[in-house]
Amino acid sequence: MATTAGPQRGHWRRSVDPSPRTGTFRPGSGPAGGSSAPARARFLGLDAYRAHREWLRYEGTAQRDLFRELRMRVLARNHPGGGRSLDVGCGPGRFLAPPGLPPSRWVGIDLSWEMLREAASVGRPSPAGDWVRADGLHPPFRPGTFSWVQLLGNVLGFCGAAGPELLEATLPLVGPRGRLLLEIAPGPGEESLYLHRLPSTVVRRRLEGKGHGLPEAIEREGFRPSRSAAEPGAGFRRWSAPETLRYLRGQGFDPLEVMAVAPLFGSDPSAVEAAASSPSAWESLFEWEERFGRDPDRWAAAAAVMVVAQRTASGP
């Protein structure tokens, strides 16, 4: 299936020492306090097993490939190339310095030693940048340093009540005309009623036929909440797309793209698997997911929404 190539084992310009006590990461700032303390403790306590599980979250099934590739496409369409790029809460580095982008000096920061060790163990073959153990609430960088800053994996939501504090710390790092990629989780997810009542083989044939009449059928029957969607635990904060866009505009950012991730098939792994078995259906699937994902009506209940915004020339 035609998906973005995954990372290969290689070497980074800054490596990870196997011992947390003697690691060679550049130091971040001191501990964060206040409302961020519970979230911070949770990430500091991650073990190697959980770090590897996070890497595998986008591996192994067609549905995971779909989730990964839709995010990669947003990144590739909007990354300006050149300059310096920052991944805040990079985890195991899934979306840091993806292949195929124009050259850029990348930096990934995370609270967890285990996440950073996992990131280095599946590092990309080119010398893409640095790993830095640091707290996103106190990033060890000067304002305006980066032309691209991304917060993926719902880092903002997992910060809970400290989410606004994270944005206040992160946005100044974006230079004039620089861009921000932010992932939010407004709702539990939803699915197309029409597509989810069709057998998987019929879905594949509809996609192979370039979806003639598909939008009308989808819009006529509407959407419903995903049955498999579980509400996040205590401490997770949902951000709606309107709230996020208002906040960014108030901070001197102009929205460039907003897209819900996989509003049509995201909760139906069997339909995605059927589409992946046919190259033409697979490519058509991305076209339709992106088309409906850009519809503002799909943002409110989406389990993941990607927001790209550009700082104005003058900034705040």
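Among residues of the stretch 98-131 being modelled with pLDDT of 80 or more and small (Gly, Ala, Ser), the one that is farthest from residue 147 (Cα to Cα) is 112.
Only one of 191, 118, 221, 183 is surrounded by fewer than 18 Cβ atoms within 10 Å (Cβ to Cβ), of a type outside the set (A, V, I, L, M), in contact (Cβ under 8 Å) with a residue 12 or more places away in the chain and closer than 30 Å to residue 285 by Cβ; which?
That would be 221, the only listed residue that is surrounded by fewer than 18 Cβ atoms within 10 Å (Cβ to Cβ), of a type outside the set (A, V, I, L, M), in contact (Cβ under 8 Å) with a residue 12 or more places away in the chain and closer than 30 Å to residue 285 by Cβ.
Taking first residues from the stretch 288-306 that are within 21 Å of residue 212 (Cβ to Cβ) and touching a residue at least 40 places away in the same chain (Cβ under 8 Å) and partners that are hydroxyl-bearing (Ser, Thr, Tyr) and crowded, with 19+ Cβ neighbours inside 10 Å, the Cβ contacts under 9 Å between residues at least 6 apart in sequence or on separate chains come to 292/192.
Residues of the stretch 140-149 that are touching a Leu at 6+ places or on another chain (Cβ under 6 Å) and crowded, with 21+ Cβ neighbours inside 10 Å: 146, 149. Against the test of being buried (at least 24 other Cβ atoms within 10 Å of the Cβ), at pLDDT 85 or above and of a type outside the set (A, V, I, L, M), the options 83, 136, 153 yield a single qualifying residue, 136. Against the list (1) in contact with a Pro (Cβ under 8 Å, 6 or more places away or on another chain); (2) over 27 Å from residue 78 (Cβ atoms), the condition residue 289 fails is (2).
Considering 214, 198, 173, 207, which residue is within 16 Å of residue 141 (Cβ to Cβ) and either in contact with a Pro (Cβ under 7 Å, 6 or more places away or on another chain) or not hydroxyl-bearing (Ser, Thr, Tyr) (or both)?
Values: 214 fails: within 16 Å of residue 141 (Cβ to Cβ); 198 fails: within 16 Å of residue 141 (Cβ to Cβ); 207 fails: within 16 Å of residue 141 (Cβ to Cβ).
Result: 173 is the single residue among 214, 198, 173, 207 that is within 16 Å of residue 141 (Cβ to Cβ) and either in contact with a Pro (Cβ under 7 Å, 6 or more places away or on another chain) or not hydroxyl-bearing (Ser, Thr, Tyr) (or both).
The values are calculated or read from the model by the stated rules, or taken from the named source; none is laboratory data. Because the structure is predicted, anything quoted here is derived from the model rather than measured. Every residue, glycine as well, gets a Cβ built from its backbone with ideal geometry; the counts of neighbours run over all protein chains shown.
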